[in-house]
Amino acid sequence: MEYEFRRELGGQPVALMSMGHEALGRFLSEECQGSEMLGRLHSAMAAIRQGQQRECQLTGAEQSLVLTEEWVRVADHALGQVNGTELDPELSFYDAESEALCGLEDFERLLDSWQAFLAGR
């Protein structure tokens, strides 16, 4: 999983991710700008590592993130829907940028790098 962090012209931080992980970049860029969500993520990862929880779901404005002992999944709230209507599971559509999976350790390194970028280090 490759990534790059940049600042747009207005100073807005943006996470650009390799193909297949675009949803993770959007999650960081849109949901993890402030310390509240970052703190919730770190607390959830700590609880999972200590065996207090097996799974944790965090819901943002546009996407949800699920943490388990082994992996992390980010998905758009509207995944599997068009215009608010559930799609037939037999139908396939392009959702590669709406969902992403990665390992918990990879996500933790990504999150640490994102925090360091936001802090200007």
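A short reminder: the numbers here are calculations on the coordinates, not readings from a lab. Everything numeric here is computed off the predicted structure, so don't read it as measured data. When we count neighbours, we look across all protein chains shown, and the Cβ atoms used for this are built from the backbone with ideal geometry, even at glycine.
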(message) Taking the number of other C-beta atoms within 10 Å as the exposure measure, put M45, M19 in order starting with the fewest.
(response) M19, M45
(message) Neighbour counts of other C-beta atoms within 10 Å: give me L58, L41 arranged from fewest to most.
(response) L58, L41
(message) With the crude spin-label approximation of a point 7 Å out along Cα→Cβ, what separation in nm comes out for A78 versus D112?
(response) 3.6 nm
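What net charge do the residues around S43 carry, taking every other residue with its C-beta under 12 Å from that of S43, with Lys and Arg at +1 and Asp and Glu at -1?
Residues near S43 contribute +1 overall.
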